[in-house]
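Quick note: the coordinates plus some simple rules give every number you see, no bench work behind them. What you see is a predicted model; the values in this text were computed from it and never measured. Here the Cβ is made from the backbone with ideal geometry for all residues, glycine too, and neighbour counts use every protein chain on show.
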Amino acid sequence: MDRIPKAVIVVGLVIAQCALAQDQTAAPIGKVYEVGGSVKPPVALKNEAETPSTEHEIDVKENGTVSLQFIIDEVGTTRNIQIIRSTSPDLRPLALASVAKLRFRPATKDGKPVAVRIYMDISFKRK
């Protein structure tokens, strides 16, 4: 019988945990907008303890970038986080966990909070 590498199992668990945490606590998302025109962008809330920058210097085996898309809902929470592209499978769980912690002042349309789709690249650098 073939053995599944531990890294694959860890990635699967992290993705499942992020999805479970979001689905259990969040209300359904209405219409999702793109930023531009009358839709003003969300603003990242500053909390150094929880909010990572888009460049991380951590103990990783290699440099790399993970491209993600996600929704920032009407209360400023990240939801439906998806990896679009990754230079290394080892970086995927770190990127998912980082985006799941982000908090925002929500995007607005005509002064009212709305959900928007966001695309982000996170770069990881070896120490």
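A few points about this structure:
- Straight-line reach from K127: taking Cα to Cα under 27 Å and skipping same-chain neighbours fewer than 8 places apart, the lysines in range are K6, K46, K61, K101.
- Estimated inter-spin distance, Q82 and R117, nm [label 7 Å along Cα→Cβ]: 0.7 nm
- Length gained on full extension, K109 to K61, computed as 0.36 nm times the residue gap minus the Cα-Cα distance: 13.0 nm.
- Using θ = phi - 60° and Karplus 6.51 cos²θ - 1.76 cosθ + 1.60, couplings along region 93-101 (whole Hz; Gly, Pro as x): x, 5, 5, 4, 5, 5, 5, 4, 7
- Rounded to whole Hz, the Karplus (6.51, -1.76, 1.60) HN-Hα couplings of region 114-123, x for glycine and proline: 9, 7, 9, 8, 10, 10, 9, 9, 10, 9
- Each other residue within a Cβ distance under 10 Å of G30 adds +1 if Lys or Arg and -1 if Asp or Glu, for a net charge of -1.
- Straight-distance candidates among the lysines for linking to K112, with alpha-carbon spacing under 19 Å and chain neighbours fewer than 8 residues away dropped: K31, K40.
- With the simple model of a label 7 Å out from the Cα in the direction of the Cβ, K127 to Q69 spans 3.5 nm.
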